[in-house]
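Everything on this sheet refers to the single structure shown next.
What follows is calculated from the coordinates using simple rules that are stated; it is not laboratory data. Remember, predicted model here, so these are calculated numbers, not experimental data. Positions of Cβ are generated from backbone atoms using ideal geometry, with glycine treated the same way; all protein chains shown enter the neighbour counts.
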């Protein structure tokens, strides 16, 4: 696809990218990067600030765009085959008609990105773009790697993504009408409210996926594996919400009165999703929610010292700044949870005693642990695949058998590594 396109070398591209960065940052000498129908294959663009850049119709196959800033970028009709865009910010980017076959988009932010059909200019075999013709082309993402990516509200109408890897992705409210997801892997993905009308889900794997509010019966289902999928809360869970809130308020009174009034909440095995963000602002130390369903809950800043969350499902939850010192979370599922600044260090018990947080065997795949305090935490056999550990404090943490494949960011300290 690059034969009729003008080739741009690394040095020239760096010059254009530098001027664009100055524009984005409001510095003098800035100029928007507009490189249409250019051959940029194999170039290194990793970490560059390219927000709002226009690459319409260009070839970027094999280019390195890891952690690049491409919010609202125009990648309309681009050849992105084999491109490494892992960790890139592609929020609201225009990817209509683009070819992403075999591309790596692990942990990329593709919120509200548009992958739909686009009218792509195809150059004449000998006269190039002087006699180009317009061809409508669906987006192609066959075999692409989206593991751990965020695709909330994205438009995948008609896209071909056969054998693509969407494991542990957040795809809430995504539009997948008419998409070809044959043999794709969506295990553990969160698809709450996604539209799959007319989608081809033949042979697709949705093992453990969250399909709340997804009308899968409107899609083509043949050999589709839906083992352990999570559906929308039933009537019983919805009707239980009022009673659970009363228990939470009682627990808050217990915390605020120093144990004189009320009692710690016991939510073992409960579906807490109908509570949404209603627990935020309460104090819930010593909460027991073993094997509870807490997917997507907003628990940001909530005091949960000494909580028992063993086996709880907290995927996609907001735990930013939550106080979970001394919490028991063995076997908990925290995939794609936002745990920025979470406190999971030891809980002081008086004197020289303390109780460490226990996350043995927990799954924290692609969780955000930026600035998290995990000092002395028990993380043996925990799965932190793709987790962001930037400035996470792992001083004294036990990491025997811990899986850290594709984890990103530099933690402050790792003292008892596997």
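Expressed as a whole number of Å, what is the distance separating the alpha-carbon centroids of region 180-217 and region 21-62?
Region 21-62 and region 180-217 have Cα centres spaced 34 Å from each other.
Sticking with the crude label model, points 7 Å out along Cα→Cβ, report the distance from residue 243 to residue 400 in nm, one decimal please.
Roughly 4.2 nm, to one decimal.
Quick one: if the Förster radius is 41 Å, what FRET efficiency do residue 349 and residue 215 give, using the C-beta to C-beta distance and rounding to 0.05?
Numbers: r = 50 Å, r/R0 = 1.22.
The formula returns an efficiency of 0.25 here.
Take the Cα coordinates of region 243-418, assign each an equal point scatterer, and use the Debye formula without solvent to give log10 I(q)/I(0) at q = 0.15 Å⁻¹.
-0.76
Order these by the 10 Å Cβ neighbour count, fewest first: 169, 365.
365, 169
Between 247, 66, 85, which gets the highest mean-square fluctuation from a Gaussian network model of the chain, Cα cutoff 10 Å?
247
I need 245, 140, 403 ordered by Cβ neighbour count within 10 Å, fewest first.
Lowest to highest Cβ neighbour count: 245, 403, 140.
If each of residue 36 and residue 291 carries a label point 7 Å out from its Cα toward its Cβ, how far apart are those two points in nm?
6.1 nm
Based only on Cα atoms, what Rg/Rh ratio does region 181-291 have, Rh being taken as Kirkwood's radius?
1.16
From the alpha carbon gyration tensor of region 1-105, can you work out the equivalent ellipsoid semi-axes (sqrt of 5 times each eigenvalue) and give them in Å, largest to smallest?
20, 15, 12
Nearest-5 percent of antiparallel DSSP beta bridges in the chain?
15 percent
Please give the direction-averaged projected area of the C-alpha convex hull for the chain, in square nanometres with one decimal.
Spelled out: convex hull of the Cα atoms, projected over all directions, averaged, 22.9 nm².
Using alpha-carbon positions, what is the distance between the centroids of region 302-344 and region 237-300, in Å?
For region 302-344 versus region 237-300, the Cα centre distance is 14 Å.
Sorted by average packing, counted as other Cβ atoms within 10 angstrom per residue and highest first, what order do 358-364, 231-237 take?
Working: 358-364: 24.7, 231-237: 12.9.
Peptide ranking by packing, descending: 358-364, 231-237.
Pairing the Cα long axis of helix 235-256 with the longest principal axis of the chain, what angle in degrees results, from 0 to 90 and rounded to the nearest 10?
Rounded to the nearest ten degrees, it is 60.
When the chain is fully extended, how far beyond the present Cα-Cα distance does residue 14 get from residue 260, taking 0.36 nm per residue of separation?
Here the answer is 82.0 nm.
Taking other Cβ within 10 Å of each residue's Cβ, how do 404, 284 sort, fewest first? Provide the component values of the computation, followed by the final result.
Numbers: 404 18, 284 25.
Ranking 404, 284 by Cβ neighbours within 10 Å, fewest first, gives 404, 284.
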